[in-house]
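Encoded as structure tokens, the structure appears first; notes follow it.
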Amino acid sequence: MTASQIIGQILSGISRGMILFLISSGLTLIFSVMNILNFAHASFWLLGAYLTWTFWQILYSPNFGLWISIPLASLTMAAIGWIIEVWLVRRVYERPLTEQLLLTYGLALVIGDVIKLTWGVADRIVPKPKVVSGLMSIFGAPLPTYNLMVIILGVLVALGLWWLFYKTMFGRKVRASVFSREMISALGVPIHRIYAGVFVLSVFIAALAGGMQAPLSSITYGMDSTVIVECFCVMVIGGFGSLLGALVGSLTVGLIYAFAIMFVPRMALFLIFIVTIIILIVRPWGLFGTPMRV
Amino acid sequence: MEDKARTLRSRWWLSLIIALSIVPPMVIGSFWIQVLTEILILGMFAISFNLIFGLMGQISFGQGAYYALGAYTTALMLTKTSMAFPLCMVAPIVVSGICALIFGFFIVRLTGIYFAILSLAFAQLVHSVIFQWYDFTGGDNGIQGIPSPILLKNPFWNYYFTLVIVSAALIVMWFITKSSFGYTMRAIRDNSNRTGFVGVNVRKHMLINFAIAGMFAGLGGSLWAVFNHSVSPDLANWTHSGVPIFMTIIGGPSYFLGPLVGSIIYTLLFVFVTPFTEYWPLIIGTLIIFIVLFFSGGIVGTLELKIRPE
């Protein structure tokens, strides 16, 4: 195995990890702010991918179609996310953990079938736009230009989230509401609007990841049920409720996957579960979580 | 007086249940006999899940793994060995029990969301092993054409066979929930710290309970393998672990037979709906959302509240 092969595998792992980060950052936000583990989050991601395909079909412009479809699909998903928050999720914030889990579980089932009803079970393919369909050479390792874009987007979203939560008033309010919900309500901050904002933002990012995923591989019905479990692994490894943890966890899972595919392709998922289990046993709060939460 | 009336009433109910489980197969067709068998197997699976959920207050997203382990043990023993049939029905209980004991050792150290996730992770581990180990488990093809004793090939006799085993299992589980062990579990559910302070080994009790639930899940899987004549790795997937959870939520987790009622509703709904539409998840998903939002005590809980509002 040469150095360039190793670098190639690392890069492919990072780009896979970035997609996972985009999904699990939203999961983490919803978990840390509202304390809800959203089983339907990967379904939002997949729905975003299918919507991107549909918009791309409508626009039918091989070079620019994708760049318009992804934002359109993400915005549509954000609207759908808002409706779901107001009609369903908002009703269970005060309920026990099980009911919250089951509500989002039921939601995942419903969205899965809505996808089947709308798009069928055939694979959908969005080809990469010409500008980014080539290969780049990074330290002698070939990397598809599109994957580099995915990585850059992931970094930008990570920076954007950091800026949003640490540099803006909205972010301060969100962090305050994590710290003490009663206090922030008493101060006159409309807590429901904050929750809705966080939920919509998370769905938006998930759909963005779905749109970016579309040209990476074909869009397959049922992808979401594997990805959601991988995202749970990411959250466990990084630590529930920590955005930095989600980033590190995603990259870890992405890299494990990339190298396992190379050496022991059958064991890829198996290894991810093993790492997750080990983390849960020795450090249940994950790499960056706080022990208090256990 | 009040107590006596209640005993009398529960005896009436019991007689009704016994009559309903013994008589109908004699008058209905083989299709409905199979539906009844399925209700029994899944109902027992759901009640075993409720040992963890209702009794211990934790939610396991991985009971499918122990069910699948039971199903595969029976399937493999019946197809690849020529061991006596009763042995093929007992071994899965042991296999699932041991696995539940090993996994449970780590799982019961956590509670709440972490309990759910770790049980899910272990189940996915089992799923990926079954899925990838082609030479032994048949991979994603599963195992088809499982042989069983000639008598059990007849749905009518298979139903009574299942009925006897499930009834025995339910009686054992009933006594477990009513024993001092069962009340210790309730105490742990309500406040594990205080239960620990009075000298109860909380983790050990939780582990034993988890292993018992795993054993009955394994028994359910083994009955399923005999009933269905085929097994597939999907039994271990987290989507299948949702089935007992749904049944429990539909029926009502605070009643011993609630999950069985859930199994009746779930299975009958499935039978009535699937000929018309393939969108079963859409229907069950909507039902689950509906129940969570409006009937959080399950059907039995809501009914009881209607009849006896206290």
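Values in this text are rule-based calculations from the coordinates and carry no lab data. Computed from a predicted model, the values in this text were never measured in an experiment. Every residue, glycine among them, receives a Cβ derived from its backbone with ideal geometry; neighbour counts consider all protein chains shown.
Side notes on the structure shown:
- Charge-dipole axis of the protein assembly as shown as Lys and Arg at +1 and Asp and Glu at -1 on Cβ define it, positive-most pick from B:Ser48, A:Leu280, B:Leu78: A:Leu280
- Taking the centroid of alpha carbons for each part, the stretch A:250-294 and the stretch B:81-118 are 23 Å apart.
- Of the residues A:Leu109, A:Pro96, A:Trp119, the one whose Cα sits farthest towards the positive end of the charge dipole of the stretch A:76-144 is A:Trp119 (charges of +1 on Lys and Arg Cβ, -1 on Asp and Glu Cβ, taken about the Cα centre).
- For chain A, the dipole from Cβ point charges (+1 on Lys and Arg, -1 on Asp and Glu) about the Cα centre works out to 440 debye, to the nearest 20.
- Of the peptides A:273-279, B:83-89, the ranking by mean beta-carbon count within 10 Å, highest at the top, reads A:273-279, B:83-89.
- The mean sequence separation of alpha-carbon pairs under 8 Å and at least six residues apart, normalised by the residue count of the stretch B:35-237, gives a relative contact order of 47 percent.
- Per-residue Cβ neighbour rank within 10 angstrom, fewest leading, A:His192, B:His127, B:His240: A:His192, B:His240, B:His127
- FRET E, pair B:Met26, B:Phe85, Förster distance 30 Å, beta-carbon r, rounded to 0.05: 0.75
- Site pair B:Val94 and A:Glu94 shows an inter-label distance of 5.3 nm when each label is modelled 7 Å from Cα along Cα→Cβ.
- Annotation: extensible slack from A:Ile261 through A:Ser180 equals 24.7 nm (criterion: 0.36 nm per residue apart, minus Cα-Cα distance).
- Distance from the stretch A:77-132 to the stretch A:6-41 (C-alpha centre basis), Å: 16 Å
- Cα gyration tensor, the stretch A:1-60 - rounded (a/c under 1.5), prolate or oblate: oblate
- Note on chain B: with a GNM built from Cα contacts shorter than 10 Å, the maximum mean-square fluctuation among B:Gly139, B:Gly262, B:Gly196 falls on B:Gly196.
- Neighbour cut-off at most 12 other Cβ (10 Å), DSSP loop, chymotrypsin sites (Phe, Trp or Tyr not before Pro), the stretch A:95-154: A:Phe139
- Taking 29 Å as the straight-line reach from the Cα of B:Lys4, the lysines in range (excluding those fewer than 8 positions away in the same chain) are B:Lys178, B:Lys306.
- Per-residue average of Cβ from other chains inside 10 Å of B:288-298: 5
- For chain A, relative contact order (Cα pairs under 8 Å, six or more residues apart, normalised by length) works out to 35 percent.
- Using a simple spin-label model with pseudo-atoms 7 Å out from Cα toward Cβ, A:Arg283 and B:Ile171 lie 5.2 nm apart.
- Hits among lysines - C-alpha to C-alpha of B:Lys80 under 22 Å, sequence gap 8 or more where chains match: B:Lys153
- The stretch A:96-220: relative contact order in percent, alpha carbon pairs under 8 Å with at least 6 residues between: 31 percent
- Counting, for every residue in A:265-272, the Cβ atoms of other protein chains within 10 Å of its Cβ and taking the mean gives 4.
- Between B:Phe156 and A:Ser4, the distance separating the two model label sites (each 7 Å from Cα on the Cα→Cβ line) works out to 7.5 nm.
- Ignoring the sites themselves, chain B has its longest run without chymotrypsin sites (Phe, Trp or Tyr not before Pro) in a DSSP loop having at most 14 other Cβ atoms within 10 Å at B:134-275.
- Counting only other chain Cβ atoms within 10 Å of each residue's Cβ, the peptide A:171-178 averages 0.
- Sorted by Cβ neighbour density within 10 Å, fewest at the top, the residues A:Thr104, B:Thr195: B:Thr195, A:Thr104
- Which of B:Ile22, B:Ile176 has the fewest Cβ neighbours within 10 Å, and the rest in rising order: B:Ile22, B:Ile176
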